[in-house]
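Each remark here refers to the structure printed beneath this line.
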Amino acid sequence: MKILFIMDSLGRGGTERSMAEMWPHLVEVGITPVVAYFRRYQQGVEQLVKNQGIKTIFLDGRGFAAKVCALRKAIADELPDLLHTALFESNVLGRLAAWGTPVTVMSSLVNTPYAPVRYRDPAIKPYRLRLVQIIDAWTSRHLTTHFHAVSHAAKQEAMTALGISPDRISVVERGRDPHRLGRSGVERRHRVRSQLGLNENDEVIVNVGRHEYQKGQRYLIEAMTQLARTRARLVLLFVGRQGNVSKELEQLCRQANLSDRVRFLGHRDDVADILAAADLFVFPSLYEGLPGAVIEAMALGLPIVASDIPPLREVVDDGHNATLVQTASASALAMAVDELLKDRNKTQAYGKRSREIFEKRFTLERSGSRMIELYREVAAMGKRSKPVHQSPAHHVPALSMRAE
């Protein structure tokens, strides 16, 4: 079986990383992955994918119609059994490119992009978000065979916001490679803290995520303002590339005189090391699909403080490895962090439970095997729904449009 994966890019996002780590497992079981993508970034997983020997196709089309035509040509050249898309642009382009061909289309639902809270994001124009939702809904219902949701929360939103029937959505949680992440330990902790200029008696909390409204990081800085009054050794590390709220976050730190207590480390390739050096992982996101950063923190045996939103309830065991708090509440975050840091026995128990949950539910091996099953089921589903004479090996007709 051959699967053509359509990606916006092979950049640094969680979806890109998850896919790149899964593709070699497909090869091992006789599935051939081919990856087509539309944008290039200097940093990302592109080189990793190429080093794995996986074929990549850069679709250098300018304009919407040109990209659809380039992708349609890739479908005709590769003759895949299944087209798998992820993220909005690749979803829509992939669905339109496969329209009228015998190729079965599956899209991943990796976030909850139409949650009401998104309309409070200053960077979002409500009419544009509504238009995106309409396009997504129509192409989902009419041009997509099946859907993969990374969480039940993502599935529920797709049912509500896109009008997709629940029997067309299968939930398979993303996994992480435990070998890549490694384990926490005294030597690793000391080494990384030394590299970061941190002392052993510093209380280190970490947040991982791009600087965006979605991640709720301003509430963590406001919580630090409260915590800094009583916790003299507390340090907050932000790991993640800049985004729409970077300047706002930096300004909040300056106004609260936290510049020496809050560090913006930017994009890092050693996130697992930084997690291994931390005491606590704090994740105040306002909405998510499946919080990959939390999964990685659990793999490193960290206790969690996070927003009480549906995807987080799916991932953590509230009261056993995590404390979930009211969203957009600096005081609730501060209280939860303070209580955990005061009780070392509790933080150790939480950390142990985090690793147990990761090993049971979120390893790459478990996720990969379930995705392989889903690919085979959806490919078979597509064959059953098409006339016998149709086959991916037949000629793919061209779209009646010219590239821009």
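A search for C-beta distances below 8 Å between a residue of segment 310-330 that is among the β-branched types (Val, Ile, Thr) and any residue that is open to solvent by 40 Å² or more (accessible area, probe 1.4 Å), counting only pairs 6+ apart in sequence or on different chains, returns 323/339; 325/308; 325/335; 327/308. Taken over segment 127-178, residues that are among the aromatic types (Phe, Trp, Tyr) and more than 19 Å from residue 105 (Cβ to Cβ) amount to 1.
So that you can scan it fast, the table gives a plain yes or no per residue for (1) within 24 Å of residue 19 (Cβ to Cβ); (2) among the small types (Gly, Ala, Ser):
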position: 135; (1), (2): yes, no
position: 142; (1), (2): no, no
position: 146; (1), (2): yes, no
position: 150; (1), (2): yes, no
position: 158; (1), (2): yes, yes
position: 174; (1), (2): yes, no
position: 179; (1), (2): yes, no
position: 186; (1), (2): no, no
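To keep it simple, each residue is scored yes or no on (1) part of a helix (DSSP H, G or I); (2) in contact with a Lys or Arg (Cβ under 7 Å, 6 or more places away or on another chain); (3) crowded, with 21+ Cβ neighbours inside 10 Å.
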site: 188; (1), (2), (3): yes, no, no
site: 191; (1), (2), (3): yes, no, no
site: 198; (1), (2), (3): no, no, no
site: 206; (1), (2), (3): no, no, yes
site: 218; (1), (2), (3): yes, no, no
site: 230; (1), (2), (3): no, no, no
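Note on segment 106-122: residues that are open to solvent by less than 30 Å² (accessible area, probe 1.4 Å) and part of a helix (DSSP H, G or I) amount to 1. Taking into account only those residues within segment 261-303 that are modelled with pLDDT of 95 or more and of a type in the set (Asp, Glu), which is nearest to residue 327 (Cα to Cα)? Step by step, filter segment 261-303, then rank; the result is 288. In this structure, residue 38 qualifies as in contact with a Ser or Thr (Cβ under 7 Å, 6 or more places away or on another chain), within 26 Å of residue 136 (Cα to Cα) and either open to solvent by 10 Å² or more (accessible area, probe 1.4 Å) or not aliphatic (A, V, I, L, M) (or both). Any chance you could count how many residues in segment 64-95 are closer than 13 Å to residue 34 by Cβ and in a loop (DSSP other than H, G, I, E, B)? Qualifying residue count for the region: 3. Scanning segment 261-288 for residues that are more than 30 Å from residue 158 (Cα to Cα), of a type in the set (A, V, I, L, M, F, W, C) and part of a strand (DSSP E or B) gives 262, 264, 265, 280. Just one of the numbered conditions (1) crowded, with 20+ Cβ neighbours inside 10 Å; (2) at pLDDT below 95 is not true of residue 241: (1). Listed by first and then second residue, the pairs with beta-carbon distance under 7 Å, at least 6 apart or on different chains, first residue in segment 200-225 and without any contact (Cβ under 8 Å) to a residue 12 or more places away in the chain, second open to solvent by less than 10 Å² (accessible area, probe 1.4 Å), are 200/193. Scanning segment 125-174 for residues that are more than 21 Å from residue 376 (Cβ to Cβ), of a type in the set (A, V, I, L, M, F, W, C) and open to solvent by less than 40 Å² (accessible area, probe 1.4 Å) yields 129, 137, 143, 153, 154, 158, 161, 162, 164.
Yes/no matrix, rows are residues, columns are (1) within 17 Å of the chain's Cα centre (by Cα); (2) under 30 Å from residue 268 (Cα atoms):
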| residue | (1), (2) |
| --- | --- |
| 143 | no, no |
| 159 | no, no |
| 167 | no, no |
| 184 | no, yes |
| 211 | yes, yes |
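In segment 104-147, the qualifying residues are those that are hydrophobic (A, V, I, L, M, F, W, C) and touching a Gly at 6+ places or on another chain (Cβ under 8 Å), and the one that is modelled with the lowest pLDDT is 110. Filtering segment 328-337 for residues that are surrounded by fewer than 14 Cβ atoms within 10 Å (Cβ to Cβ), at pLDDT 95 or above and on the phi > 0 side of the Ramachandran plot leaves an empty set.
When the criteria are applied in full, residue 340 meets the requirement of being among the aliphatic types (A, V, I, L, M) and either open to solvent by 10 Å² or more (accessible area, probe 1.4 Å) or in a helix (DSSP H, G or I) (or both).
Restricting 79, 93, 83 to residues that are open to solvent by less than 10 Å² (accessible area, probe 1.4 Å) and closer than 24 Å to residue 30 by Cα narrows the list to 83. Restricting the first member to segment 338-352 and to residues that are more than 12 Å from residue 280 (Cα to Cα), and the second to residues that are open to solvent by 20 Å² or more (accessible area, probe 1.4 Å), the beta-carbon pairs closer than 7 Å and six or more apart or on different chains are 352/301. Applying the criterion of being small (Gly, Ala, Ser) and either in a strand (DSSP E or B) or open to solvent by 10 Å² or more (accessible area, probe 1.4 Å) (or both) to the residues of segment 1-17, the residue that is nearest to residue 88 (Cα to Cα) is 9.
Checking 44, 61 one by one, the residue that is assigned to a loop (DSSP other than H, G, I, E, B), on the phi > 0 side of the Ramachandran plot and in contact with a strand residue (DSSP E or B) (Cβ under 9 Å, 6 or more places away or on another chain) is 44 and no other.
The values are calculated or read from the model by the stated rules, or taken from the named source; none is laboratory data. Quantities reported herein were computed from a predicted structural model and do not represent experimental measurements. FYI the Cβ positions are ideal-geometry reconstructions off the backbone, even for glycines, and counts take in every protein chain you see. The accessibility values were calculated without ligands, DNA or RNA, using every heavy atom of the protein model including side chains. Shrake-Rupley method; radii C 1.70, N 1.55, O 1.52, S 1.80 Å.
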